[in-house]
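The values are calculated or read from the model by the stated rules, or taken from the named source; none is laboratory data. As the structure is a prediction and not an experimental result, all values here were calculated from the model. Positions of Cβ are backbone-derived with ideal geometry, glycine not excepted, and every protein chain shown enters the neighbour counts.
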Amino acid sequence: MAITPQPGIMEIDLYVGGKSHVDGLSNVLKLSSNENPLGSSDAAKEAVVRASHTLNRYPSSDHASLREAIGDVWGLDPERIICGAGSDEIIAFLCQAYAGQGDEVIYTEHGFAMYRIGALAVGATPVEVAERERVVDVDAILAACTKKTKLVFIANPANPTGTMIGEADATRLAEGLPEQAILVLDGAYAEYVEGYDAGKQLVESRDNVVMTRTFSKIYGLGGLRVGYGYAPKPILDVLNRIRGPFNVSSVGLVAAEAAVRDTAHTEKCRAENAKQREWMAGALAEMGLPSDTSTANFILVRFPSADEAKACHDALASQGILLRYVANYGLPNCIRITVGDEASCRRVVHAIGQFKGAS
C-alpha cells in the first residue's frame, strides 16, 4: 500500500507570501505583506535583547504574563486567552479541535487563505460564500449553513478588502448559526479601528464565538510569530488540550508583552496609518482608481480590467516597488497596497501615476 496523506491535504495550494526582493535591485519598497512601516516599539526591542541572555531556557508554558498584559490593556479576562505562534496557529487549533471529515467550514469568497487551508488540513469540506461588493454578507452565510457546519470564519476588518461589518451584523450572525457551529472573528487588523472591541462583547456574552488577534500587524512583530485567541472557557479548555506546551518562544512572549503595554506606540501607529491611508486612497481615486473605505493598514485598489491591474503590478515590481496582486483571492482587477510611511506612499502613488500616463 502506498504512503498517502490524510484526505484534503493534497488539495491545499501552498501559501505564497508577499515578495520581499527583486533580482538586481537594492532599493526595494515592500508594500505586499501589510507590515507596519514604523516597526515594533523600542520597548519590544529592548525586551528581545534582555531575552537573548536566557535562550537556553524553555519559555513559560502557561503564557501567564503575556495573557495578563493583554487583559490589562484590552479589558479581557486572562483566563479566556490562549496564545499561539501567530493567530494562524489558533485558526489551526480550531479546525483541528472542531472539524473533520464530513464537516463543513464556511468562509467568504475573498477571505484569508488560511481558512480554506485549515479546513482541508483536517479533512473537512471548505464552503465558500459570496460577498456583497467585497463586504461579508451575513444573510448569505446563514443561508449556507447546514447541520454539517462546524466553523464560520470571517476577518473583521477583512483581508484583502479592508472592509468590515458592524456589531449588529456580527451579533445577528452569531445568533443565527446552527447550535453546533462556532463563529470565529479574525481580528488581525482590529487595532487599526478606533474604539473597536474586535468581538470582545460577543465572546463574553455567548458560548459560540471566538476572537483571534495577532502581534504581526500594528505591533510590528511579524518575525516573531505571536498571536492569541479569546474564547468561552469550555472552548478554551479544548484548545489548550491540543496546544503544545512551548508553542510560543520566550523571545516572542516578552516582546509581545512589552509591545502590548506600549500603548503610546500603538496609538502613534494607528494615527499615522490613518493619515497616510486617507491620502493614498484619495490620490489614487483622483487617477480613476477607486478603493473601498479601508479600516486596515492597506487599501484594495480597483483597476478597469484585470490586464491593467496585472500590468501595473508588474511594472512597479520592475522598479522595485512590491505590491500584492490578488487574483488568487477572486479579485483579478485589484491590487492590495500596504500603507507605508509618507515617503513610501508618495513613491508608490507617483509610480502608479507614471504607469497610468504611459498606458
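Which residues, counting only those in the stretch 250-274, are more than 14 Å from A44 (Cα to Cα) and either free of Cβ contacts under 8 Å to residues at least 24 places away in the same chain or not assigned by TED's automatic domain parsing to the domain that holds A296 (or both)?
Within the stretch 250-274, E267, A271 qualify.
Could you list all residues from the stretch 210-235 that are surrounded by fewer than 24 Cβ atoms within 10 Å (Cβ to Cβ) and of a type in the set (D, E, K, R)?
Listed by number, the residues that qualify are R225, K233.
Out of everything in the stretch 8-40 that is modelled with pLDDT under 90, of a type in the set (A, V, I, L, M) and within 18 Å of the chain's Cα centre (by Cα), what residue ends up being surrounded by the most Cβ atoms within 10 Å (Cβ to Cβ)?
Checked the stretch 8-40; the qualifying residue surrounded by the most Cβ atoms within 10 Å (Cβ to Cβ) is V16.
With surrounded by 20 or more Cβ atoms within 10 Å (Cβ to Cβ) and not acidic (D, E) as the only criterion, which of A113, A124, A168, A140 stands out? Talk me through it step by step, then tell me what you get.
Details: A113 fails: surrounded by 20 or more Cβ atoms within 10 Å (Cβ to Cβ); A168 fails: surrounded by 20 or more Cβ atoms within 10 Å (Cβ to Cβ); A140 fails: surrounded by 20 or more Cβ atoms within 10 Å (Cβ to Cβ).
The conditions single out A124.
Any idea which residue in the stretch 276-293 is surrounded by the most Cβ atoms within 10 Å (Cβ to Cβ), counting only those that are touching a residue at least 60 places away in the same chain (Cβ under 8 Å) and in a helix (DSSP H, G or I)?
So the residue we want is M280.
Taking the stated definitions as given, is N297 surrounded by fewer than 20 Cβ atoms within 10 Å (Cβ to Cβ), touching a residue at least 12 places away in the same chain (Cβ under 8 Å) and not aromatic (F, W, Y)?
Working: surrounded by fewer than 20 Cβ atoms within 10 Å (Cβ to Cβ): no; touching a residue at least 12 places away in the same chain (Cβ under 8 Å): yes; not aromatic (F, W, Y): yes.
Criteria not met by N297.
Give all pairs with beta carbons closer than 9 Å in which a residue from the stretch 146-173 that is on the phi > 0 side of the Ramachandran plot and in the same structural domain as Y196 (by TED's automatic domain parsing) meets a residue that is part of a loop (DSSP other than H, G, I, E, B) and modelled with pLDDT of 95 or more; count only pairs at least 6 apart in sequence or on separate chains.
Listed pairs, sorted by first residue: G162/R134; G162/Y189; G162/D292; G162/T293; G162/S294; G162/T295; G162/A296; G162/N297.
Determine which member of the set R241, R346 is surrounded by fewer than 17 Cβ atoms within 10 Å (Cβ to Cβ) and either under 24 Å from D88 (Cβ atoms) or of a type outside the set (K, R) (or both).
Working: R346 fails: either under 24 Å from D88 (Cβ atoms) or of a type outside the set (K, R) (or both).
Testing whether each residue is surrounded by fewer than 17 Cβ atoms within 10 Å (Cβ to Cβ) and either under 24 Å from D88 (Cβ atoms) or of a type outside the set (K, R) (or both) leaves just R241.
Among the residues of the stretch 245-264, what is the count of those that are under 20 Å from the mean Cα position of the chain (by Cα) and not hydrophobic (A, V, I, L, M, F, W, C)? It would help to see each step written out before you state the result.
Taking the stretch 245-264 first, the residues under 20 Å from the mean Cα position of the chain (by Cα) are 247-248, 252-253, 255-257, 259-260.
With the extra rule that they be not hydrophobic (A, V, I, L, M, F, W, C), the set shrinks to 247, 252, 257.
The qualifying residues number 3.
Restricting attention to the stretch 181-228, which residues are acidic (D, E), in a strand (DSSP E or B) and touching a Pro at 6+ places or on another chain (Cβ under 8 Å)? Before the answer, list the steps.
Just the residues of the stretch 181-228 that are acidic (D, E), to begin with: 186, 191, 194, 197, 204, 207.
From what's left, in a strand (DSSP E or B): 186.
Matches in the stretch 181-228: none.
Taking the stretch 298-338, which residues are assigned to a loop (DSSP other than H, G, I, E, B) and β-branched (V, I, T)? Talk me through it step by step, then tell me what you get.
Our first condition is that a residue be assigned to a loop (DSSP other than H, G, I, E, B); within the stretch 298-338, this holds for 303-305, 319-320, 323, 326, 330-333.
Listed by number, the list holds a single entry, V326.
Is it true that Y15 is aromatic (F, W, Y), in a loop (DSSP other than H, G, I, E, B) and either without any contact (Cβ under 8 Å) to a residue 12 or more places away in the chain or closer than 21 Å to N159 by Cβ (or both)? Step through it out loud before you land on a result.
On the way: aromatic (F, W, Y): yes; in a loop (DSSP other than H, G, I, E, B): yes; either without any contact (Cβ under 8 Å) to a residue 12 or more places away in the chain or closer than 21 Å to N159 by Cβ (or both): yes.
The answer is yes for Y15.
Please determine whether any residue of the stretch 216-237 is assigned by TED's automatic domain parsing to the domain that holds S87, charged (D, E, K, R) and without any contact (Cβ under 8 Å) to a residue 24 or more places away in the chain.
Step one: list which residues in the stretch 216-237 are assigned by TED's automatic domain parsing to the domain that holds S87, which gives 216-237.
The next check asks that each one be charged (D, E, K, R); those that pass are 217, 225, 233, 237.
Next cut, without any contact (Cβ under 8 Å) to a residue 24 or more places away in the chain only: 237.
Yes, some residue in the stretch 216-237 is assigned by TED's automatic domain parsing to the domain that holds S87, charged (D, E, K, R) and without any contact (Cβ under 8 Å) to a residue 24 or more places away in the chain.
Given (1) under 30 Å from A119 (Cβ atoms); (2) touching a Leu at 6+ places or on another chain (Cβ under 7 Å); (3) of a type outside the set (A, V, I, L, M, F, W, C), where does S60 come up short, assuming only one miss?
(1)
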